[in-house]
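Notes follow the structure.
Coordinate-derived values only; no laboratory data. None of the values given here were measured: they were computed from a predicted structure. Cβ atoms come from the backbone with ideal geometry, glycine included; neighbour counts cover every protein chain shown.
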Amino acid sequence: MTTPDSPPETMTASAPARDSYVKLAMRNMVRKGRKSLFHFGLTTLGLIGLLVGLAYLTR
């Protein structure tokens with residue numbers, strides 16, 4: 001039970017901890033822009049390279 005003198009629970013310091021992982025990741029990507037896109041590109045190329053390599057080895 002809250003008293004009139006207590007602050008509302010929605011504005012506590014732990015509010016950012018309630019954000020979902022996806023929301024935090026998207027916020028981080030917007031903040032870091034170019035670096036995030038570069039890492040995303042490297043990850044995509046690495047994954048495609050891995051799949052092509054596995055397909056070549058298992059043909």
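The label-point distance for residue 23 and residue 50, in a model that sets each label 7 Å from Cα toward Cβ, rounds to 3.0 nm.
Derived scalar couplings between HN and Hα for the stretch 41-54 equal x, 4, 5, 4, 4, x, 5, 5, x, 4, 5, 5, x, 5 Hz in order, rounded to whole Hz, by the Karplus curve 6.51 cos²θ - 1.76 cosθ + 1.60 (θ = phi - 60°), x for Gly and Pro.
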